[in-house]
Structures are given as C-alpha cells and as structure tokens.
Amino acid sequence: MARRILTALVGAAVMGIGAHAASAATLDDVKAKGFVQCGVNTGLAGFAAPDASGNWSGFDVDYCKAIAAAIFADGTKVKYTPTSAKERFPALQSGEVDVLARNTTWTINRDTALGFNFRPVNYYDGQGFMVRKGLNVKSALELSGAAVCVQTGTTTELNLADYFKSNNLQYNPVVFEKLEEVNAAYDAGRCDVYTTDQSGLYSLRLTLSKPDDHMILPEIISKEPLGPAVRQGDDQWFDIVSWVHYALIQAEEFGVTQANVEEMKKSPNPDVQRFLGVEADSKIGTDIGLTNEWAVNIIKAVGNYGEVFDRNIGAGSPLKIERGLNALWSKGGIQYAPPVR
Amino acid sequence: MAIGVTTTPEKSKPSGSIMNDPQVRGIFYQVITVVILVALVYWIADNTIQNLKRANIASGYGFLNGRAGFDVGQSLIAYTSDSTYGRALVVGFFNTLLVAVTGIITATIIGFVVGIGRLSHNWLIAKLSLAYVEVFRNIPPLLVIFFWYSGVLAVLPQPRESAALPLNIFLNNRGIAFPKPVFGDGSQYVFYTFVIAVIASFFLARYARIKQEATGQRFPLLWTVLGLVIGLPLLAFLATGSPITFDVPVAGKFNLTGGSVIGPEFLSLFLALSFYTAAFIAEIVRAGIRGVSKGQSEAAHALGVRPGLTTRLVVVPQAMRIIIPPLTSQYLNLTKNSSLAIAIGYADLVAVGGTILNQTGQAIEVVSIWIIVYLSLSLTTSLLMNWFNARMALVER
Ligand SMILES: N[C@@H](CCC(=O)N[C@@H](CS)C(=O)NCC(=O)O)C(=O)O
C-alpha cells in the first residue's frame, strides 16, 4: 500500500511539475534541453515526412529547423513529434511540443478557446476535392450522393459539412483518425471523393497506387491559412516563432539566399545590413532573446522562403505547387513581412 | 493492504500502547488511507483546474449545447451538422450500443455452437471447432478488425458492379443495401396485431407449462407461436390492403440510392467482435458442459430421456451455472473492445467523442463522459447478468 501511495505521489508530482514547466519561458527550456521539440504531421510528403533512415524533411520541417537555427545556430537541433490531426492540440497544450508546425489552420476557436497563438501564415491554402477521373465529375457541385473520405479533428470535416449543406447536396462522410487510414480507404474505393487542404491533395495524390487516375476539382471551398502555433502566455517565444517566418520572407525579398548570405553581409544597403546583424551596435537579435546573427543562421540552415517553398513543394519538388497566393506581395501574392528595424 | 487487518478474529489483550490492539490499528490505517486518498484526489483536481486556467483553455460542460458542425456517417437517430455536440455523443452512444448488442448476441450463438462442437464425437467437427478457437483467440482483436475491414473492402465489388442478391439486396464495398419498408396508412394495425400476438404467445407458453406439469402432456408450442406471430400480422396486412411497401435500392450516380445501407465499417467491426469473442465463449461453454458430472446425463439416459432432450433439459441448465459468470466478463470485453471502432472509422462513442474533443478542445470533459458511459454500460451488463445468474442458480426444494 505504502509503496503504491508513493508511486501515485511521485506520478502526481511529476504531473504538477510538468504542467508548470510548460508555462514557463519556453526559450529558456529549449536552451536548457538543447533542442526544439517540434510537432509535425505523421507523414505528408512535401510538408513533413521521414525518409528510410528517419531523417525528416519538408516545408513544415524546415520551419522547425529554422527555429532551431535561430536559437542554436544549428538547424539539426530539433526533435520531431509526429501527430495526427487529433493528437496535435493536446500535444501542444500539454507542453509535449514547443511549437506546432503542422499544416494547421488558424481559426478563432483555436486562437482563443484552445489556448493557442497564431500570427504568421506560412502557406495560404484552401480546401479542395479529389475524385477518380472515371466518375466524369467536373465540379464539386456534381457530388451529391457521393461518399467522402475525410480525416477527423480538422477544419476539413467542418467545411465539408457546411459546403454540402449550403449547396443542398447529400453526402456520406467516411471519417478516419489516421492519415494512412484515409488514404487506404480512398485508394480501395471506399469513397468517391477525398477532401482536405489542396496542398495536401497534391501530396496525397502522388501516394495513391495510380495517381494519374485521379484529378483535383477546381473548387476551393474554404480559407485555410496555415501557420505555426504556440501556447498562449509566452510572448517571447511567440515573437521568435513569428519572426522566423518574417525573416524567411524578408530574405527572399532582399534576395538573400543560402548560397549568398555571407556575401550579402557586405551589401551597402543599410536595411540588409541591419537584417543580417552587421549594423554597428545592433540589438535586432538580442532584443528577442537571440543573437544578432539569428537571421543569418536561419538562412544558412534552410535558405529563404522561396527556396524552402521550391525545394519542398514547388517547382523543384514532385508536387510542383504554384506560388499563387504564396508569392511575395511584391510579386502578386500576399506573403508580406513587417519591417525589420 | 491495510484493510485486511480488521478481520483478525482473536482479540489480543491490550498490553501497553493502544496501537498494539489490532482492531484499533486496523481502523487507524483505514482512516489514514482514506484521508490520503481524498487529499490526493482533491490535489489532482485542483491542480488540473489551475493548469487549465493558466493555459487559457476553456472548461465546463456548456459546450454540449453548441452546434456540432460535423456530419456522422451512420446514425440511428435523426442527426445533422446542425444538431448539438450532446446529440452527436448520443449518436455515438447508440452506435456503440448497436454493435455491442448485436455482437453479444452473435458471439453467444457462435460460441455455443463452437463450444458444443468441440465436444462432438465427430472428428471433423471437433477439430474444426478447435482450429476456430485457436485461430481467433490468439490474434489481437484490432488485427481481426483490420482483417475483416480490408477483406470486406478488397473482396466486395465497386458500387457500379454491385452484386445483386435475391430479394433486392445488393452487396458492394459501400456495404449491404436492402429494401427499406415504407409504412403507409393502416400499417399501424399490422404492428398492433403483432404486439397482440406476442402477448398471446407469452400466456400460451405459461398455459402450456402448467398443463404439462399437471397432465404430462406436451403442447405443440413452437408451431402455435410461429403461426400466431406471423399469421396474425399477415392477416391484418392483407385486410388493410397491403399498406407496407418497400423502397428498393437502385443504381445512382455514385452508389445505389434508396433502401437502407449497412456500411462496411459496422459490418467488419460487428463480424470481428463476434468472431473474436465467440472463441472465448466457446471455451467457457466447453468448460461449463464438462463441469456437469457425467452421472447426470447417465441418469437421464437410464430414465429413457432422449440425447437431445438430455442436453437441453439436464446438462445445459446445470452447465449454465458455471458458464454465466465468465460469460459476463466476455460481454464486458466485447463492449469495451467495440471502442476499437475508431481504427476503421465506425462512428462509435469514442470516435464521435474524439472528434468533439478535437473541435472543442474540451479533453477532460469528453474523457470524463467516456468513462462514465462505459462504466455505466459495464455495470448495467453485470447487473443484468447477475440477475440472470440468480435465476439460473440451483433452486433447492
Ligand atoms: N488545415 C486543416 C487540416 C490539416 C490536416 O490535418 N490535414 C491532414 C490531411 S492533408 C494531414 O495533414 N494529416 C497528416 C497526419 O494526420 O499526419 C486543419 O488545420 O484542420
């Protein structure tokens, strides 16, 4: 009995301490443990997926690396926690992960009731539909009566319900918790339609047994601003995660790349000098709790936003997603960073 | 544990300290244990509330009245995305109940057949039954579920090539579609006569038993009851001008439309749970029958009772006393295993609750609802089975 009570006491104490740690300064915790614990998805090629030897890569993964680089000047100081759509929020709330970089849509509910903070949108997305070409469907409005595969715990399943309801269409939802289960069911013909963020569809289509038999319908039925999320109540950490994204955008705007970053330090442009931390007496990095080299370190680790995009999901990847809304504001898109000054 | 100390039979004389009295010491330890337990629970609850507050996470059960906003694949009650979260949970609860009850019934039937089969003198039947038990008992239930689900999906045809079965029943990888009865005007009489027939059969059964006990004559109960229960409603059906029609499934754009559909998720979960649990029930049944002493059936034979009747009237009633208690725990297992539904997307209580948990972030509230519901389900099952057990218990005359 005594032994059992002891175990219970220790367990409860650990719980209490754990919860406490989660609300302390995340940056200090991260520095103390020596790595960033990053919540990613379980495997969505292009966004976050491990290779055969367990090395993660992808658009979201590069954000984890960029955060680690900003703090440790070393993009490899990351540990990844794969999370399903459903697991991701408890993982962040409980402090199991320091940041969630996992194609997560910024919504008011998540920003308030769930206790998270969102700011930069690193990918402007929208929900789409994928069908078999053989069905001869040209528009989502022809989908009445279809069985639709969807992953639970997403904005996707909510948009789906609203879209079919507002267009007076019937459908039969087939809901799974894990991504592989949705994929397998759709591939086996359990559903006529697969719906998720359009970026996800591009990636998932390539994992099907016959990708060319499937097409993505033109309709985009929702706004899915995807971005990194952190817990409320730690402004410094929130700032760091936000400014990592802005640094990536700013670097693309200045034309600073992984290859030329050292070169660019010699740029006569004072804006670039300040950004790269070479301005005399600069406090640009120390004010946020990092070193003045923080932006340089990010760019050395992953390149600028354009490079991250191209390499993982854009022209240089099998996904070949267009920049579209995610082009810089100066090039017809809406990616924009506040001034670094 | 400390509690055991109280039942010390002998009273030792108090020599010196009062703590040497085992009775006092026993009470003392129990009080301490309770105090520590209460303090612990309080501390955990308080800590949780504090932490939720600090993390700015909303709490309380108010969210149950909010609009759910998501759809559920299969529902026994009316439900749309406009219904509340509370109603969505009820939908999930009924789905759990549905698969548990149908699973329990089927598992019991298969289990009894296989269990008796294991004792068969027929070599093939005995070995097949043995193989069944060993295969299903030794595979984790989750794998059995996946086996059925991928099997069902892989084997059944695509909707456009649905297999047509007799009676307008169709089979494809979206499930079994069958004609749905449409109740027109006057169909209530068919229902009334059915109820009357059932009540009449009940009294008839009593009459038959009393008559047999008094005179020893047996009444052809089975046929009379069948005639009543089928014949009376049929008469009413014809008399009211065939008010019940059928909505038959027909090929639509994506799948069959019309009729009723039982989806592959339910089918595979139901089959998996039934087959899996049946293996355990078979062993319980075999042990139960073995547990009835041989002398009982020999005595029956000596009295000239036929073998079939011997099994039914002498062996099984006695075996039931051994069978029922472990059977109860199999029923509880089946009910709890039904929560594996989540792996194949069947909308049971855990799946629907999980969706709600995620959309609202009310983890503690949803988990507490799960615990309470499963606990009540299990306790109810136990109560029912205990009652049944008491009825079957040896009545000494
Ligand atoms: N953006 C949506 C959907 C995000 C999402 O979870 N998408 C799925 C389908 S593309 C996914 O990434 N799943 C990966 C996984 O569960 O590991 C949201 O935040 O709710």
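The values are calculated or read from the model by the stated rules, or taken from the named source; none is laboratory data. Just so it is clear, the structure is predicted and the values come from calculations on it, not from any experiment. Cβ sites come from the backbone with ideal geometry, for glycine too, and all protein chains shown count toward neighbours. Surface accessibility is based on the protein's heavy atoms, side chains included, excluding ligands, DNA and RNA. Shrake-Rupley method; radii C 1.70, N 1.55, O 1.52, S 1.80 Å.
The listed residues are A:Tyr123, A:Tyr163, and the only one of them that is within 10 Å of the ligand (Cβ to nearest atom) and touching a residue at least 40 places away in the same chain (Cβ under 8 Å) turns out to be A:Tyr123. Residue count for the stretch A:88-99 satisfying the condition of being more than 10 Å from chain B (Cβ to nearest Cβ) and in a loop (DSSP other than H, G, I, E, B): 3.
Are there strands (runs of 3 or more DSSP E) fully within the stretch A:127-246 with at least 1 residues that are open to solvent by 20 Å² or more (accessible area, probe 1.4 Å), under 30 Å from A:Thr291 (Cα atoms) and within 11 Å of chain B (Cβ to nearest Cβ)? List them.
Numbers: elements: A:127-132, A:146-151, A:171-176, A:193-197, A:214-216, A:224-226, A:229-231.
Qualifying strands (runs of 3 or more DSSP E): A:229-231.
If the condition is being of a type in the set (D, E, K, R) and either under 21 Å from A:Ala25 (Cα atoms) or more than 14 Å from chain B (Cβ to nearest Cβ) (or both), then the stretch A:72-87 contributes A:Asp74, A:Lys77, A:Lys79. Part of a helix (DSSP H, G or I), among the charged types (D, E, K, R) and in contact (Cβ under 8 Å) with a residue 24 or more places away in the chain, is that true of B:Arg321? Yes, satisfied. Among residues of the stretch B:201-220 being small (Gly, Ala, Ser) and surrounded by 10 or more Cβ atoms within 10 Å (Cβ to Cβ), the one that is farthest from B:Leu232 (Cα to Cα) is B:Ala208.
Could you check, for the stretch A:92-110, whether at least one of its residues is away from the ligand (no atom under 16 Å from the Cβ), open to solvent by less than 30 Å² (accessible area, probe 1.4 Å), within 19 Å of A:Gly233 (Cα to Cα) and modelled with pLDDT of 95 or more? Yes - at least one qualifying residue is present in the stretch A:92-110. Restricted to the stretch B:68-81, and to residues there that are of a type outside the set (S, T, N, Q) and more than 10 Å from chain A (Cβ to nearest Cβ), the residue that is nearest to A:Asp234 (Cα to Cα) is B:Tyr79.
From the residues in the stretch A:247-276 that are within 28 Å of the chain's Cα centre (by Cα) and among the small types (Gly, Ala, Ser), which one is most open to solvent (accessible area, probe 1.4 Å)? Per the stated criteria, the residue is A:Ala259. For the stretch A:55-67, the candidate set comprises residues that are open to solvent by 20 Å² or more (accessible area, probe 1.4 Å) and within 16 Å of the ligand (Cβ to nearest atom); within that set, the residue that is nearest to the other protein chains (Cβ to nearest Cβ) is A:Trp56. Looking only at residues of the stretch A:73-86 that are part of a loop (DSSP other than H, G, I, E, B) and touching a residue at least 24 places away in the same chain (Cβ under 8 Å), we find that the one that is farthest from the ligand (Cβ to nearest atom) is A:Ala73.
Would you be able to say whether some residue in the stretch B:145-163 is away from chain A (no Cβ under 12 Å) and assigned to a strand (DSSP E or B)? Yes, the conditions are met somewhere in the stretch B:145-163. When A:Ala49, A:Ala45, A:Ala70 are screened for being within 14 Å of the ligand (Cβ to nearest atom) and either under 19 Å from A:Trp294 (Cβ atoms) or touching a residue at least 60 places away in the same chain (Cβ under 8 Å) (or both), only A:Ala45 passes.
Assess whether A:Gly189 counts as being away from the ligand (no atom under 13 Å from the Cβ) and small (Gly, Ala, Ser). So A:Gly189 passes the test. When A:Val308, A:Val241 are screened for being farther than 30 Å from A:Arg205 by Cβ and within 17 Å of the chain's Cα centre (by Cα), only A:Val241 passes.
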